[in-house]
Amino acid sequence: MKKTALAVMVGTLAMAGTAHSETELGVGLGLYKMDSSRDVDNDVAGKISLGHRYDSTPWGAEIAYTDVSAEDDADESFDASLFQVDGLYHFDKQGGWEPYLAAGIGEIRTDSSSGKDSDGFINFGGGARYALSSGLDLRADLRSIRTDDTDANDMVATLSLIFKLGAKDSGLMPVNEDIPLPQGPIDSDGDGVVDPSDLCPDTPAGTPVDAAGCPLDSDADGVADDKDQCPDTAPGLKVDAQGCPMLGSEVVSFNLDVEFETDSARIRLGFQEDIEDLAEFLTEFANTQVLLGGHTDSVGSAAYNQTLSQKRADAVKRALVWQGIDASRIEAVGFGEARPIADNATRAGREQNRRVVASVSAVVQKDQMK
């Protein structure tokens, strides 16, 4: 190999650390197979390249220099220097190897006993690369070199080290990018409910929470269990900051429980009168709000049951609106199969779980009680 080519290789390698992070430097050796019309022996080839991989695409571009020092059949020296510009297209990895296709144009300059010459050429071929680390690849490459004037068809195979210039890790520890990094949902407040499902993502550490990640409020009085000094307060009763009933007030309540057939959001016969009674209660106590909770049994997928439970809650809401209740006073929420009240393993249990429930209370002064 020419001393000048070696100097270029070493000098380029020494400047690797200052190049842009998207730039790749290749240094390699290979075998150059001369076309039979040249009457020249095959010989070792040295190659250096400077390339660029475009972010988030399979494309790349590269310039390269290849040097060959061979002998012809008369034992006379035959030197060849190739300068080329190529485009590369990379495919998805296969077993750790990343295959690619390459094509480009260039110029070959020869120096032999018959004189000096230069000729343009096209080249095409491909190869594969393997990541030795995040900053270093091993690349195997095979090209066909077709010259213009001499109509020679040479072949060159090289094995190169590709330095990803500017990469932080240039060690030789193997990396396999086909193995995904461990990932999973985050639970920021550590309450056991992952963030995508946590409706109260800032719950203080150690606070008992429900399935939605919010502090438990067993008696639904608006005071979380960990602060509630009267945890069994009757529904709807006005309470103080400690969750205890406030003096001088009492509660009137109405509970609704509507059942449905399997895989249906149609209200079963016999429950329409209960809905009418709830409408009368809401009419009498006009400052109240009602939450309708839709539920299903465990038959079917969780996603399907979530949708079905919402349809059931919406069906009861429509019935109340038809009775003259303002829709803004009614909240309909589907809870899917997550809150059974009976055993889903039995027919009777599943029937109880197919329901819409509501509990609404009004706090009144004692002299307003009927």
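Observations
- Where the alpha-carbon atoms of segment 248-368 are placed on the principal axes, they occupy 49, 28, 25 Å, in descending order.
- For segment 33-174, the number of Lys pairs separated by eight or more positions or lying on different chains, with C-alpha atoms closer than 24 Å, is 6.
- As a rough footprinting exposure proxy, the listed residues Arg355, Arg339 were ranked by other beta carbons within 10 Å of their own, and the order from fewest upward is Arg339, Arg355.
- GluC sites (Glu not before Pro) lying in DSSP loop within segment 241-329, provided at most 11 other Cβ fall within 10 Å: Glu261
- Exposure proxy ranking for His90, His52, His295, based on other Cβ atoms within 10 angstrom of each Cβ and starting from the fewest, stands as His52, His90, His295.
- Shape metrics for segment 3-164, restricted to C-alpha atoms - Rg then Dmax, Å: 16.1, 52
- Rg/Rh ratio calculated on Cα atoms of segment 254-307 (Kirkwood radius): 1.05
- Lys164, Lys93 arranged by Cβ crowding within 10 Å, fewest neighbours leading: Lys93, Lys164
Read-outs: derived from the displayed coordinates by stated rules, not from any lab. Quick caveat: nothing in here was measured; it's all calculated off a predicted structure. As a convention, Cβ positions derive from the backbone with ideal geometry for all residues, glycine included, and neighbour counts pool all protein chains shown.
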